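Peer 1: I'd like to ask you about the structure that follows.
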Amino acid sequence: MYEWRMADGRWLRFSISPTSEGGSVGITSDVTALKFAEQRLRDAIEALGSGFVLYGNDGRLMVANHRFYELTSHDPEQIRAGTHVEEMLEIITQRRIARWPDFDAAAFKEQQRRDFWHPSGKPIDAEIRPGYWLRTQRHRTIDGGIISEIDDITDLKLAEQRLRDAIAALTEGFILYDRDGYMVMANQRYYEMT
């Protein structure tokens, strides 16, 4: 099977199959609408402000947009269509070991495998390098593949830290409860007063 773009812009798909008598049957299909739909989908993926990666059900990368490479600093020549998630995990692990010498690589890999193969759709925040945070959300596709959406949340993490620092500096006791009445956080002054 092969495809050919005609001078008038149409796309044709040709396939030849052998017959039981030793001959062959050729089929020609106009796949122009399919090609345009594929291009629109590629354009939409590239236009996303988030990093986007689609993995097949075998764990191999199928599609990644440019934002994914910008956010993760992965080399598009090294991490490309066909790269298995285990190869990516090894690269990521080696980067972390270089940045954090007492990093627990085995525990990290185990958690990453669990998060990848059993996507919950819940956000997973990770400090990729000191002071640089990414949030990943993964979803399963209908055919068993996995979609990862990745966003830079460094500014959010910095704002959270500034808020924690401000709460810690209060001279009054401070305690925060969630909607179910469970304590979320308290400053040191609260514990000193109670």
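The values are calculated or read from the model by the stated rules, or taken from the named source; none is laboratory data. Nothing here was measured: the structure is a model prediction, and the numbers come from that model. Don't worry about glycine lacking a Cβ; one is built from the backbone with ideal geometry, like all the others, and counts go over all protein chains shown. In case anyone asks, the SASA skips ligands and DNA or RNA and just uses the protein heavy atoms, side chains included. Shrake-Rupley method; radii C 1.70, N 1.55, O 1.52, S 1.80 Å.
Peer 1: Which whole-number value in Å² is the accessible area per residue of the chain, probe 1.4 Å?
Peer 2: Values: 12920 Å² over 194 residues.
Accessible surface, normalised per residue, equals 67 Å².
Peer 1: While we're here: Hey, what do the phi angles of segment 35-41 turn into as Karplus ³J(HN,Hα) couplings, whole Hz, using 6.51/-1.76/1.60 and θ = phi - 60°, x for Gly and Pro?
Peer 2: With coefficients 6.51, -1.76 and 1.60, one gets 4, 5, 5, 4, 5, 4, 5 Hz.
Peer 1: Run through segment 2-64 and list the GluC sites (Glu not before Pro) located in a DSSP loop whose Cβ has at most 14 other Cβ atoms within 10 Å.
Peer 2: Numbers: sites: GLU3, GLU21, GLU38, GLU46; in loops: GLU21.
Passing sites in segment 2-64 are GLU21.
Peer 1: A further question follows. As I understand it, the value is the acute angle between the Cα axis of helix 85-99 and the longest principal axis of the Cα atoms of the chain; what does it come to in degrees, rounded to 10?
Peer 2: Long axis of 85-99 versus the principal axis of the chain: about 30 degrees.
Peer 1: Using every alpha carbon pair in segment 122-187, what percent of pairs falls into each 10 Å bin from 0 up to the bin containing the largest distance?
Peer 2: Bins of 10 Å from zero give 18, 30, 31, 16, 5, 1 percent of pairs.
Peer 1: Evaluate the charge dipole of the chain about its Cα centre and quote only its size in Debye, nearest 20, assuming +1 on the Cβ of each Lys and Arg and -1 on the Cβ of each Asp and Glu.
Peer 2: On the way: 25 positive and 31 negative charges, 29 e Å.
Computed about the Cα centre, the dipole is about 140 debye.
Peer 1: Could I ask something else about it? Loop-only GluC sites (Glu not before Pro) in segment 62-112, please: DSSP not H, G, I, E or B, and at most 15 other Cβ atoms within 10 Å.
Peer 2: On the way: sites: GLU70, GLU77, GLU86, GLU87, GLU90, GLU110; in loops: GLU77.
Of the GluC sites (Glu not before Pro), the ones in loops of segment 62-112 whose Cβ has at most 15 other Cβ atoms within 10 Å are GLU77.
Peer 1: With a cap of 12 neighbouring Cβ atoms within 10 Å, and only residues DSSP puts in a loop, list the chymotrypsin sites (Phe, Trp or Tyr not before Pro) found in segment 96-194.
Peer 2: Values: sites: PHE103, PHE108, PHE116, TRP117, TYR132, TRP133, PHE174, TYR177, TYR182, TYR190, TYR191; in loops: PHE103, PHE174, TYR182.
Passing both the DSSP loop test and the Cβ count: TYR182.
Peer 1: Taking a quarter of the surface of the convex hull around the Cα atoms of segment 37-148, what do you get in nm²?
Peer 2: So the Cα hull casts an average projection of 7.3 nm².
Peer 1: Round to the nearest 0.05 the FRET efficiency obtained for TYR177 and TYR132 when R0 = 35 Å and r is the Cβ-Cβ distance. Walk me through the intermediate numbers first.
Peer 2: Details: r = 32 Å, r/R0 = 0.90.
So the FRET efficiency works out to roughly 0.65.
Peer 1: Quick check on the chain: helices-only [θ] at 222 nm, where DSSP H runs of length 4 and up contribute -39,500 (n - 2.57) each and the sum goes over total residues. Nearest 500, please.
Peer 2: It comes out at -11500 deg cm²/dmol, rounded to the nearest 500.
Peer 1: Net charge near HIS139: determine it from the other residues with C-beta under 15 Å of the C-beta of HIS139, scoring Lys and Arg +1 and Asp and Glu -1. Present the calculation step by step, with values, prior to reporting the outcome.
Peer 2: Values: positive: LYS122, ARG135, ARG138, ARG140; negative: ASP115, ASP143, GLU149, ASP151.
Counting the neighbours of HIS139, the net charge comes to 0.
Peer 1: Could you give me the ³J(HN,Hα) list for segment 4-17, computed from phi with Karplus coefficients 6.51, -1.76, 1.60 and θ = phi - 60°, whole Hz, x at Gly and Pro?
Peer 2: In residue order, the calculated couplings are 9, 8, 7, 4, 7, x, 6, 10, 10, 10, 10, 9, 10, 10 Hz.
Peer 1: Ordered by residue, what ³J(HN,Hα) values in Hz, to whole numbers, does segment 110-117 give under the Karplus form 6.51 cos²θ - 1.76 cosθ + 1.60, where θ = phi - 60° and Gly and Pro are x?
Peer 2: Per residue, the Karplus-derived 3J(HN,Hα) values read 4, 5, 5, 4, 4, 5, 6, 6 Hz.
Peer 1: Accessible area of segment 60-149 with a 1.4 Å probe: how many percent of it is carbon plus sulfur? Can you show the working numbers first?
Peer 2: Numbers: 2750 of 5240 Å².
The value for segment 60-149 is 52 percent carbon and sulfur by accessible area.
Peer 1: Please report, as a whole percent, how much of the solvent-accessible surface of segment 3-58 comes from carbon and sulfur atoms (probe radius 1.4 Å). Don't jump to the answer; show the numbers that get you there.
Peer 2: Numbers: 2250 of 3860 Å².
Carbon and sulfur: 58 percent of the exposed surface of segment 3-58.
Peer 1: Residues with amide H under 5 Å of GLY145's amide H, sequence separation 5 or more or different chain, H placed in the peptide plane at 1.01 Å from N; which?
Peer 2: Under 5 Å from the amide H of GLY145 lie the amide H atoms of ASN57, each far enough along the sequence or on another chain.
Peer 1: If contacts are Cα pairs under 8 angstrom and at least 6 residues apart, what is the relative contact order of the chain in percent?
Peer 2: Here the relative contact order equals 13 percent.
Peer 1: Can you match mean projected area of the Cα convex hull in nm² to one of these, (i) 11.1; (ii) 13.7; (iii) 18.5, based on a calculation from the structure here?
Peer 2: So the calculated entry is the one marked (iii).
Peer 1: OK, next. Quick one: among LYS109, LYS35, LYS122, which has the greatest mean-square fluctuation in a GNM of the chain with alpha-carbon springs under 10 angstrom?
Peer 2: LYS35
Peer 1: Could you give the angle, 0 to 90 degrees to the nearest 10, between helix 154-169's Cα long axis and the longest principal axis of the Cα atoms of the chain?
Peer 2: For helix 154-169, the angle is close to 10 degrees.
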